[in-house]
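The values are calculated or read from the model by the stated rules, or taken from the named source; none is laboratory data. All values reported here derive from a predicted model rather than from experimental measurement. Neighbour counts run over all protein chains shown; Cβ positions are idealised from the backbone, glycine included.
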Amino acid sequence: MTLLDPVRLKAALGALAVRFDVDALDRCASTNDEIARRAAANAPSGTVVVADRQSAGRGRRGRHWLSAPESSLTFSMLWRFGGSPSALSGLSLAVGVALARALNRLGARDVHLKWPNDVLWLNDGQAAKLAGILIELSSDRRATQVIIGIGLNLAPPAGDLGQPVAGLEQTGAVVERHQVLAAILAALHEVLAIFAVDGFATLKNEWQTLNAWQDRPVVVLGDATEISGICRGADDDGALLVETDAGLRRVLAGDLSLRGA
């Protein structure tokens, strides 16, 4: 499989092509690391790096993310927001909304979200991971720099990965990589514009309709904690809300794992 063709991608993006600067690499250590290097050299907001293979790709909590050009789409994007990182709570959930919008527009069926940063495919009630999101923040006096890393399975990954996984091709969606990337970038552009003005609050209801565990029993596991209850979605700041026997608990993102009970 050849690298993404910038000409074909621009055609797929249409008028939005001027908003993104996309570079396709055969391989790199990590697209997030590559974007960070370019950001340090004053790369513009909207810089995107796509890699067919990553030697040190990572997901949440340092987990390794496998990628291959015939079965996945892995990329990172630089975006800048005015203000401090504290104003960006709920950003990973907003990015999840953008991903779900894009995949639905491509024809995907039964796409759902898992707090705080996974995209799932629900097949006969069974959830399988379709994509993951990794967001890294840094700031200076002028703005907050955000690196958004996305790994999407186009085909189901091979091997024992320790959890159910799925590929976009199973959902009935278009899987041609230029069209998929263009759809995701377009959805990110519109969602991040909303987020920059209103934060997560305006996107909360959409996220909750996509929440795989909305109003269902869940267990939230930490290194030394366990919270069981009914998932009541997220609040305006993107914190998870779990209704327990002791009342409503507000759970912040961190070293936690959400599972269906």
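When residue 186 is tested against (1) touching a strand residue (DSSP E or B) at 6+ places or on another chain (Cβ under 9 Å); (2) under 30 Å from residue 82 (Cα atoms), only condition (1) is not met.
Any residue at all in region 234-244 that's surrounded by 15 or more Cβ atoms within 10 Å (Cβ to Cβ), at pLDDT 90 or above and assigned to a helix (DSSP H, G or I)? Checked against the condition, which is being surrounded by 15 or more Cβ atoms within 10 Å (Cβ to Cβ), at pLDDT 90 or above and assigned to a helix (DSSP H, G or I), region 234-244 yields no hits at all. Only one of these is surrounded by fewer than 16 Cβ atoms within 10 Å (Cβ to Cβ) and not assigned by TED's automatic domain parsing to the domain that holds residue 124: 164, 217. Name it. Matching residue, one of 164, 217: 217. So, in region 137-165, how many residues would count as being in a strand (DSSP E or B) and of a type in the set (A, V, I, L, M, F, W, C)? The qualifying residues number 8.
In region 39-63, the residue that is modelled with the highest pLDDT out of those that are surrounded by fewer than 17 Cβ atoms within 10 Å (Cβ to Cβ) and not in a loop (DSSP other than H, G, I, E, B) is 40.
Do we find that residue 173 is touching a residue at least 40 places away in the same chain (Cβ under 8 Å) and part of a loop (DSSP other than H, G, I, E, B) in this structure? Yes: the conditions hold for residue 173.
Checking the structure you have, find out if any residue of region 126-136 is assigned to a strand (DSSP E or B), among the acidic types (Asp, Glu) and farther than 23 Å from residue 221 by Cβ. The answer is yes; a qualifying residue exists. Among the residues making up region 202-238, those that are of a type in the set (Gly, Ala, Ser) and without any contact (Cβ under 8 Å) to a residue 40 or more places away in the chain are 222, 224, 228, 229, 233. Quick one: in region 209-233, which of the residues that are more than 23 Å from the chain's Cα centre (by Cα) and assigned to a strand (DSSP E or B) is farthest from residue 110 (Cα to Cα)? The selected residue is 226. If you check 69, 85 for being over 30 Å from residue 234 (Cα atoms) and at pLDDT below 95, only one passes: 69.
Across region 15-57, the number of residues qualifying as out of contact with any helix residue (DSSP H, G or I) (no Cβ under 8 Å at 6 or more places or on another chain) and under 20 Å from residue 186 (Cα atoms) comes to 9. Out of all the residues in region 95-115, which are in a loop (DSSP other than H, G, I, E, B) and small (Gly, Ala, Ser)? Matches in region 95-115: 107, 108.
Of the residues making up region 21-35, just one is of a type in the set (Gly, Ala, Ser), surrounded by fewer than 20 Cβ atoms within 10 Å (Cβ to Cβ) and either in contact with a Lys or Arg (Cβ under 7 Å, 6 or more places away or on another chain) or part of a strand (DSSP E or B) (or both), namely 24. For region 155-175, give me the residue count where each residue is of a type in the set (D, E, K, R) and at pLDDT below 95. The number of residues fulfilling the criteria is 1.
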